[in-house]
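See below for the structure under consideration.
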Amino acid sequence: MGFKAVLPIISGIIPFGAVMGSAFAEAQLSIWQAILMNTVVYAGAAQLATVDLMSQNAAVLVVLATGLIINLRFLLYSVAMSPLTHDSSALIKFLCAFTLTDQSYATMMANQSKFQSNSEAVQFYLGTAFCMALTWHASVYAGFIFGNFAPVSWSLDFAVPLSFVALLVPSLKNKKYIAVAIVSSILSLILYGLPLKTGLIATALLSMSFAFALIRRKNDS
Amino acid sequence: MIHDRYFFLNVILLAIGTLAIRGSFIAFSGKIKNSEKLRELFSYIPAAILPAFIFPATFFHRGIVESIYGKERVLILIASGIVFFFVRSTLLIISLGLVLLYVATTISTI
């Protein structure tokens with residue numbers, strides 16, 4: 001079920017994977033190095049930024065800090081996933097953590113009303129994660145071998161924000177969720193210029209603080 | 001040229017750090033008590049984070065349709081969002097958005 005649910009949004013992953021693959025090739029890494037990094041790190045935006053830094057021989061600390069700051073948003077997803085994996089085995093917990101991506105997490109959250117139990121939610125999530133991993137790896141290696149194969153005129157990169165709109169709209173259950181989304185939209189534009197792509201995590205944290213204030217206000221009244 | 005030792009050191013440290021970030025709360029999920037208030041707060045994560053992916057990528061993109069100052073993606077995104085609100089089909093919204101963008105950019109270059 002999860003595999004099928006994430007299928008419509010993979011069109012946004014393919015061009016991103018192709019760009020990653022061609023970045024590996026441009027950095028003169030071998031296919032085995034590309035496979036290693038793509039498998040053990042498995043985080044597109046961080047990989048793209050750190051491969052670029054490594055090509056410039058940046059200090060290890062700079063490479064590491066950049067990659068981890070970009071990946072900090074996964075901490076929020078991990079917090080939100082934790083109640084669902086409460087009864088899961090260590091192996092399932094490891095797989096859920098290792099495969100945590102923006103798309104698979106958001107697809108699962110957009111479908112959460114359909115789940116009867118936590119194990120059903122985890123099963124659904126793993127289906128989305130498997131589909132994502134398969135698509136990501138295939139498109140990265142295709143990009144490595146053939147270069148960035150998608151014609152520019154198709155503007156396939158635009159599929160990413162479009163697919164996120166499809167995940168966002170069902171999550172706006174009432175006025176409070178809409179208010180949080182509006183605050184996040186405005187903050188994301190204001191904070192876009194922050195260094196090391198920290199605008200994303202700063203927007204997420206400030207918007208979550210706003211959501212927390214809304215919840216507290218409701219409880220007080 | 002990236003040297004092997006430098007590459008492997010960076011990749012291994014990145015992999016460990018990323019897994020620690022991703023797995024920190026999941027690994028201890030049995031030991032952390034989640035209150036109803038916390039669950040409610042988590043439900044706001046998509047609303048808090050997804051616009052931060054959508055809006056900068058669309059708004060700061062330099063398009064080529066001069067009559068709307070290169071902001072064709074913003075207009076198409078809004079139109080696609082409205083269509084999705086009524087139709088609720090992910091495949092349709094992505095196809096519609098990409099076709100509209102292709103048409104807009106093709107017409108502007110003629």
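The values are calculated or read from the model by the stated rules, or taken from the named source; none is laboratory data. Quick caveat, the model's predicted, so the values are computed rather than measured. Methodologically, a virtual Cβ is constructed for each residue, glycine included, from the backbone with ideal geometry; neighbour enumeration extends over all protein chains shown. When the accessible area is computed, the model is the full protein with side chains, heavy atoms only, and any ligands, DNA or RNA have been set aside. Shrake-Rupley method; radii C 1.70, N 1.55, O 1.52, S 1.80 Å.
The table that follows gives values for the structure above.
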quantity: Meets criteria (closer than 30 Å to B:Ser29 by Cα, buried (at least 19 other Cβ atoms within 10 Å of the Cβ) and without any contact (Cβ under 8 Å) to a residue 12 or more places away in the chain) for A:Val79; calculated: yes
quantity: Test: A:Val140 is within 11 Å of another protein chain (Cβ to nearest Cβ), among the β-branched types (Val, Ile, Thr) and surrounded by 15 or more Cβ atoms within 10 Å (Cβ to Cβ); calculated: no
quantity: In region A:23-57, the residues that are surrounded by fewer than 21 Cβ atoms within 10 Å (Cβ to Cβ), within 9 Å of another protein chain (Cβ to nearest Cβ) and of a type in the set (Gly, Ala, Ser); calculated: A:Ala27, A:Ser55
quantity: Single condition A:Ser171 does not satisfy, out of (1) over 15 Å from the mean Cα position of the chain (by Cα); (2) open to solvent by 20 Å² or more (accessible area, probe 1.4 Å); calculated: (2)
quantity: Qualifying residue in region A:58-77 (condition: among the polar types (S, T, N, Q) and either within 27 Å of B:Leu9 (Cα to Cα) or in contact with a strand residue (DSSP E or B) (Cβ under 6 Å, 6 or more places away or on another chain) (or both)); calculated: yes
quantity: Extreme residue, surrounded by the most Cβ atoms within 10 Å (Cβ to Cβ), among residues of region B:4-46 that are facing chain A (nearest Cβ under 7 Å) and in a loop (DSSP other than H, G, I, E, B); calculated: B:Tyr44
quantity: Hey, A:Thr99 over 28 Å from A:Leu214 (Cβ atoms), surrounded by 17 or more Cβ atoms within 10 Å (Cβ to Cβ) and of a type outside the set (Phe, Trp, Tyr) or not; calculated: yes
quantity: Filter result for A:Tyr192 (without any contact (Cβ under 8 Å) to a residue 40 or more places away in the chain, over 21 Å from A:Ile9 (Cβ atoms) and among the aromatic types (Phe, Trp, Tyr)); calculated: yes
quantity: Those residues of region A:188-212 which are more than 17 Å from the chain's Cα centre (by Cα), within 9 Å of another protein chain (Cβ to nearest Cβ), open to solvent by 40 Å² or more (accessible area, probe 1.4 Å) and within 21 Å of A:Thr66 (Cα to Cα), in sequence order; calculated: A:Leu189, A:Tyr192, A:Leu206
quantity: Residues within region A:40-85 that are of a type outside the set (Gly, Ala, Ser), touching a helix residue (DSSP H, G or I) at 6+ places or on another chain (Cβ under 9 Å) and assigned to a loop (DSSP other than H, G, I, E, B), tallied; calculated: 7
quantity: Residues located in region B:53-95, provided they are touching a residue at least 24 places away in the same chain (Cβ under 8 Å), open to solvent by less than 50 Å² (accessible area, probe 1.4 Å) and not in a loop (DSSP other than H, G, I, E, B); calculated: B:Glu72, B:Arg73, B:Ile76
quantity: A:Ala166 vs. criteria closer than 30 Å to B:Thr106 by Cα, touching an Asp or Glu at 6+ places or on another chain (Cβ under 9 Å) and open to solvent by less than 40 Å² (accessible area, probe 1.4 Å); calculated: no
quantity: The one condition in (1) in a helix (DSSP H, G or I); (2) within 7 Å of chain B (Cβ to nearest Cβ); (3) open to solvent by 10 Å² or more (accessible area, probe 1.4 Å) that A:Ile92 fails to fulfil; calculated: (2)
